[in-house]
Amino acid sequence: MSVDGKIAIVTGGTTGLGLAISRGLARNGATVIITSRKKSKLKKACHLIDKNCYGFQLDLSKKNSISKFIENISKDVRHVDILINNAGFPFKREIWFKNIHDISEVELMNILQVDLIGSFQLTRETLKIMMKKRTGVIINIASTPAISGHICGSPYSIAKAGLISLTKHIALEYGRYNIRSYSVALGDIYTDSMRRSLSRSELVKAKNENTMKRLGQPEEVAKSIVSIAGENFSFSTGNTIIIDGGKVII
Ligand SMILES: NC(=O)c1ccc[n+]([C@@H]2O[C@H](COP(=O)([O-])OP(=O)(O)OC[C@H]3O[C@@H](n4cnc5c(N)ncnc54)[C@H](OP(=O)(O)O)[C@@H]3O)[C@@H](O)[C@H]2O)c1
């Protein structure tokens, strides 16, 4: 398979989509480096992923944690082939349902720091590694509100829209290094975090908002990402791939 032998970093790889993506990459022959803020979650998740999984602590809200992470992985690996910027600030109902005029500075900055700024900073350091071997793939996990907008949750949409822009910049600035980049804009995917965050009626509503009338499964997203990260997409870059059961069609 096309990610066979590759080295991949998946941020937030211990839960939900990150875990499914890490498993998908590992099953197809990649060595996977997963990250979590909590050391205790890493060992358990690696056990679920593969023997070729290594866990490292990373807090994207702290710049020194990002440099420490890069320093730590550089002791073990000489190259990074794939970076999946998957980690996102935890879903909080009390922030999500607010409109712009009610959002505090702290709420805004917390979300932007993890979803956008931390991902940018990690991307910047990873690009330096990828440029040396003149190859790499960076996939940013975005979300459909970044494309369509939404009736609430603006800090999240704005952060994810920033990631889509980052994707385009990586593609245009580093195509000559054979570094490809993609955004994956997700609709409603049934992860543990979504199950915990939404009520039964909200889940039914989410399901009925797309044309397939169901929630996506993390494994479906993982399959698409493995494909994009591999050679199947070798002459495509900078694009946003929407995985949402046909809710947002452009
Ligand atoms: N599920 C959906 O329907 C959906 C839809 C659109 C987009 N997405 C996006 O998909 C990604 C994964 O979502 P999910 O549903 O799988 O949720 P999840 O299980 O809550 O995953 C979020 C991950 O982000 C990590 N994280 C949070 N704060 C962090 C920080 N400060 N530094 C580093 N890592 C941090 C967490 O890792 P630790 O707690 O272990 O540190 C966690 O593993 C997110 O970016 C989300 O916005 C999800």
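Computed from the coordinates by the stated procedures, all read-outs in this text should not be read as laboratory data. All of these numbers come straight from a predicted model, not from anything done at the bench. Don't worry about glycine lacking a Cβ; one is built from the backbone with ideal geometry, like all the others, and counts go over all protein chains shown.
Considering only residues that are within 9 Å of the ligand (Cβ to nearest atom), aliphatic (A, V, I, L, M) and outside any loop (DSSP other than H, G, I, E, B), which ones fall in the stretch 191-223?
Passing the criteria: Met194, Ala206, Val221.
What residue, among those in the stretch 123-161 that are part of a loop (DSSP other than H, G, I, E, B) and closer than 24 Å to Ile189 by Cβ, is farthest from the chain's Cα centre (by Cα)? Before the answer, list the steps.
Step one: list which residues in the stretch 123-161 are part of a loop (DSSP other than H, G, I, E, B), which gives 134-135, 144, 149-153.
With the extra rule that they be closer than 24 Å to Ile189 by Cβ, the set shrinks to 144, 149-153.
Details: Thr144: 13, Gly149: 19, His150: 20, Ile151: 23, Cys152: 21, Gly153: 18 Å.
Across the stretch 123-161, the extreme among qualifying residues is Ile151.
I want to confirm something. Restricting to the stretch 26-43 and keeping residues that are part of a loop (DSSP other than H, G, I, E, B) and within 10 Å of the ligand (Cβ to nearest atom), which single residue is surrounded by the most Cβ atoms within 10 Å (Cβ to Cβ)?
Arg37
Restricting to the stretch 177-190, give me the number of residues that are hydrophobic (A, V, I, L, M, F, W, C) and assigned to a loop (DSSP other than H, G, I, E, B).
Quick first cut of the stretch 177-190, residues hydrophobic (A, V, I, L, M, F, W, C) only: 179, 184-186, 189.
Restricting the remaining residues to those that are assigned to a loop (DSSP other than H, G, I, E, B) gives none.
Residues flagged as hydrophobic (A, V, I, L, M, F, W, C) and assigned to a loop (DSSP other than H, G, I, E, B) within the stretch 177-190 amount to 0.
Would you mention how many residues in the stretch 70-122 are of a type outside the set (S, T, N, Q) and either without any contact (Cβ under 8 Å) to a residue 24 or more places away in the chain or part of a helix (DSSP H, G or I) (or both)? If you could, list the steps in order and put the result at the bottom.
Here is the first cut: in the stretch 70-122, the ones of a type outside the set (S, T, N, Q) are 70-71, 73, 75-84, 87-98, 100-103, 105-109, 111-112, 114-118, 120, 122.
The next check asks that each one be either without any contact (Cβ under 8 Å) to a residue 24 or more places away in the chain or part of a helix (DSSP H, G or I) (or both); those that pass are 70-71, 73, 75-76, 78, 92-96, 100-102, 105-109, 111-112, 114-118, 120, 122.
Residues that pass the stated criteria total 28.
List the number of the failed condition for Ser157; all other conditions in (1) surrounded by 15 or more Cβ atoms within 10 Å (Cβ to Cβ); (2) touching a residue at least 24 places away in the same chain (Cβ under 8 Å); (3) within 11 Å of the ligand (Cβ to nearest atom) hold.
That leaves (2) as the condition not met.
Would you mind telling me which numbered condition in (1) within 13 Å of the ligand (Cβ to nearest atom); (2) free of Cβ contacts under 8 Å to residues at least 24 places away in the same chain His47 fails?
It is condition (1) that His47 fails.
Only residues in the stretch 175-192 that are under 16 Å from Leu215 (Cβ atoms) count as the first member; pair them with residues that are of a type in the set (Ser, Thr, Tyr) and in a strand (DSSP E or B), Cβ under 7 angstrom, at least 6 apart or cross-chain, and list the lot.
Qualifying pairs under 7 Å: Ala185/Ser143; Ala185/Thr240; Leu186/Ser143.
Does the stretch 10-21 include one or more residues that are of a type in the set (A, V, I, L, M, F, W, C), within 12 Å of the ligand (Cβ to nearest atom), assigned to a strand (DSSP E or B) and buried (at least 18 other Cβ atoms within 10 Å of the Cβ)? Steps first, please.
Our first condition is that a residue be of a type in the set (A, V, I, L, M, F, W, C); within the stretch 10-21, this holds for 10, 17, 19-21.
From what's left, within 12 Å of the ligand (Cβ to nearest atom): 10, 17, 19-21.
Retained after the next criterion (residues that are assigned to a strand (DSSP E or B)): 10.
Adding the requirement that they be buried (at least 18 other Cβ atoms within 10 Å of the Cβ) leaves 10.
Scanning the stretch 10-21 turns up at least one residue that is of a type in the set (A, V, I, L, M, F, W, C), within 12 Å of the ligand (Cβ to nearest atom), assigned to a strand (DSSP E or B) and buried (at least 18 other Cβ atoms within 10 Å of the Cβ).
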